[in-house]
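As C-alpha cells, the structure follows; a few thoughts come after it.
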Amino acid sequence: MLDRAGFRTAAAAGALPAAATPAGDLRVYWQGPSVGFDWGGDGARTMTLVYNLPATNAIYQRFVGIDGSAYIVGGFGMTALTANNIVLVPIRSGIGLRLGANVGYLKYTPRATWNPF
C-alpha cells in the first residue's frame with residue numbers, strides 16, 4: 001500500500017515447493033511485514049539461497065533483513081535475512097517497473113497462515 005509520499009507498508013506471503021531432504025519432503029511457507037519506500041510493480045519468480053542451516057527444522061523462525069528492488073521492464077530484487085548465524089537470500093527475477101528499498105522480517109512456518117505477524 002502506498003501513501004502520497006511513496007512510503008510503503010506491506011505484508012508478504014508465499015510458499016516454497018517441497019524440498020527433498022534426507023528426512024523427506026519439507027514444505028516451507030513465509031509471511032511478514034515490511035516498511036520502506038517503493039515505486040512501481042512487478043511479477044517475479046523467487047529462489048532462496050540458504051547458508052549455515054544446522055538442521056532442516058531450523059528454517060522455521062523469524063529472519064530480519066533488508067530488501068532492494070530495481071526493475072526496468074525486467075530486473076531483479078534481493079533480500080538479505082539473518083537469524084542465529086543463518087543467512088537466507090531470496091532472489092527475485094521478473095518483469096515490471098519498480099524501484100524500492102524496505103526493511104522487515106519474514107517468518108518461515110511449516111503451515112500456511114493469513115497472519116503476517
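Values in this text are rule-based calculations from the coordinates and carry no lab data. On a predicted model such as this, the values are computed, not experimentally measured, just so you know. Quick reminder, even Gly has a Cβ in these numbers, built from the backbone with ideal geometry, and neighbours come from all protein chains shown.
Convert each backbone phi in the stretch 101-117 into a coupling constant with the Karplus relation 6.51 cos²θ - 1.76 cosθ + 1.60 (shift: θ = phi - 60°), then list the ³J(HN,Hα) values in order as whole Hz, x for Gly and Pro.
Karplus values, whole Hz, x for Gly and Pro: 8, 9, 10, x, 9, 10, 9, 9, 9, x, 10, 5, 8, 8, 7, x, 9.
Starting from the Cα gyration tensor of the stretch 40-117, multiply each eigenvalue by 5, take the square root, and state the resulting semi-axes largest first in whole Å.
With the √(5λ) rule applied to the stretch 40-117, the semi-axes are 24, 13, 11 Å.
Quick one: order Tyr51, Tyr60, Tyr108 by neighbouring beta-carbon count within 10 Å, fewest to most.
Arranged by neighbour count, lowest to highest, Tyr51, Tyr60, Tyr108 become Tyr51, Tyr60, Tyr108.
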